[in-house]
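Okay, so here's the structure we're looking at.
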Amino acid sequence: MPNIPEYRPDLGADQVHIVLKTSIETMDKAQHCALLWFGEILRRELYRHLGFSTMRSYAMEALGFSPTRAGDFIRLAR
């Protein structure tokens with residue numbers, strides 16, 4: 001599990017910069033990993049085994065994605 005820095009107000013500028021960069025790097029890695037897993041479910045049609053007829057319905061119902069976000073993830077995963 002990555003070490004996610006906890007928010008602490010009133011740090012100095014250099015410290016805030018470092019914590020912000022670390023947080024963004026962690027977020028980017030998590031988004032990349034989520035997209036890879038999403039793609040795995042799409043590619044292997046695992047959404048069917050989870051009780052959904054389409055990837056779009058899986059993304060919206062099981063993951064709580066909006067229609068736009070579901071479409072974006074599906075396009076990126078393909």
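The values are calculated or read from the model by the stated rules, or taken from the named source; none is laboratory data. On a predicted model such as this, the values are computed, not experimentally measured, just so you know. Positions of Cβ are generated from backbone atoms using ideal geometry, with glycine treated the same way; all protein chains shown enter the neighbour counts. These area figures cover heavy atoms from the full protein model, side chains too; ligands, DNA and RNA do not enter into them. Shrake-Rupley method; radii C 1.70, N 1.55, O 1.52, S 1.80 Å.
Taken over segment 55-78, the criterion of being under 17 Å from Gln31 (Cα atoms), part of a helix (DSSP H, G or I), open to solvent by 40 Å² or more (accessible area, probe 1.4 Å) and not acidic (Asp, Glu) is satisfied by Thr68, Arg69, Arg75, Leu76. When Ala77, Ala59, Ala70, Ala13 are screened for being in contact (Cβ under 8 Å) with a residue 40 or more places away in the chain and of a type in the set (Gly, Ala, Ser), only Ala77 passes. For segment 36-56, the tally of residues that are free of Cβ contacts under 8 Å to residues at least 12 places away in the same chain and within 12 Å of the chain's Cα centre (by Cα) stands at 2. For segment 1-22, the candidate set comprises residues that are of a type in the set (S, T, N, Q) and surrounded by 12 or more Cβ atoms within 10 Å (Cβ to Cβ); within that set, the residue that is farthest from Arg69 (Cα to Cα) is Gln15.
For segment 23-54, a residue qualifies if it is open to solvent by 70 Å² or more (accessible area, probe 1.4 Å) and either outside any helix (DSSP H, G or I) or not hydrophobic (A, V, I, L, M, F, W, C) (or both), and the qualifying residues are Glu25, Asp28, Lys29, Gln31, His32, Arg43, Arg44, Glu45, Arg48, His49, Leu50, Ser53.
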